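The values are calculated or read from the model by the stated rules, or taken from the named source; none is laboratory data. Values in this document were obtained by computation on a predicted structure and should not be read as measured data. In this analysis, Cβ positions are derived from the backbone assuming ideal geometry, glycine residues included, and neighbour counts consider all displayed protein chains. For the accessible areas, the whole protein counts, side chains as well, though only heavy atoms, and no ligand, DNA or RNA atoms are used. Shrake-Rupley method; radii C 1.70, N 1.55, O 1.52, S 1.80 Å.
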Amino acid sequence: MKQQDEIRTAAAENGRQAEPLYRAAASRRSTGRTQDVDRHVGARVRERRIMLGLTQQQLADLIGVTYQQAHKYERGINRVSAGRLFGIAQVLSVPVSYFFDGLDERGGRLISPRERMCLELARNFAQIPNERHQEALSQLARVLASE
């Protein structure tokens, strides 16, 4: 009770209305680690979307949100709810755990240029309509990798 009075007094001195204790406590609990997790999940959504050759608009349409919301999810600006993450996992054909893979090791690091190039290669490969061309490219990659 004494703590509530102190909060109300401090808020009144600043010309604001006092926040309920549960709200003040919740804002203190939000840490940089939580934001790292949100960014990691968003990065994994983006990686998988690119691998499948989808645009942000297409993903947004498939999960029933606006383009802006899909963008905010991928950047980690907005946290993805459990239900929404389940829907995204279904649309992207991965288990929910996919979005948390590598969280401990990576610590929320950004995608390297090499990783980005691999993602673009996978996306572009998937967009080749001719299966014979895909097979030829695959054979070329095998030959180059064995050297």
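Numbers for the structure displayed
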item	result
Within segment 119-144, tally of residues that are of a type in the set (Lys, Arg) and either farther than 15 Å from ARG48 by Cα or surrounded by fewer than 12 Cβ atoms within 10 Å (Cβ to Cβ) (or both)	2
Options ALA60, ALA70; residue that is assigned to a helix (DSSP H, G or I), under 12 Å from the mean Cα position of the chain (by Cα) and aliphatic (A, V, I, L, M)	ALA70
Only listed residue being of a type outside the set (Gly, Ala, Ser), over 14 Å from VAL37 (Cβ atoms) and either at pLDDT 95 or above or touching a strand residue (DSSP E or B) at 6+ places or on another chain (Cβ under 7 Å) (or both), chosen from LEU92, LEU110	LEU92
Segment 67-76, subset free of Cβ contacts under 8 Å to residues at least 24 places away in the same chain and not basic (Lys, Arg), residue most open to solvent (accessible area, probe 1.4 Å)	GLN68
Residue count for segment 80-92, restricted to those that are surrounded by 16 or more Cβ atoms within 10 Å (Cβ to Cβ) and either in contact with a Pro (Cβ under 9 Å, 6 or more places away or on another chain) or part of a loop (DSSP other than H, G, I, E, B) (or both)	3
Subset tally (residues that are acidic (Asp, Glu) and modelled with pLDDT under 90) for segment 116-147	2
Pairs, first within 19 Å of ILE128 (Cβ to Cβ) in segment 40-66, second open to solvent by less than 30 Å² (accessible area, probe 1.4 Å) and of a type in the set (A, V, I, L, M, F, W, C), C-beta under 8 Å, six or more apart	ARG49/LEU59; ARG49/LEU92; ILE50/LEU119; MET51/LEU119; LEU52/LEU92
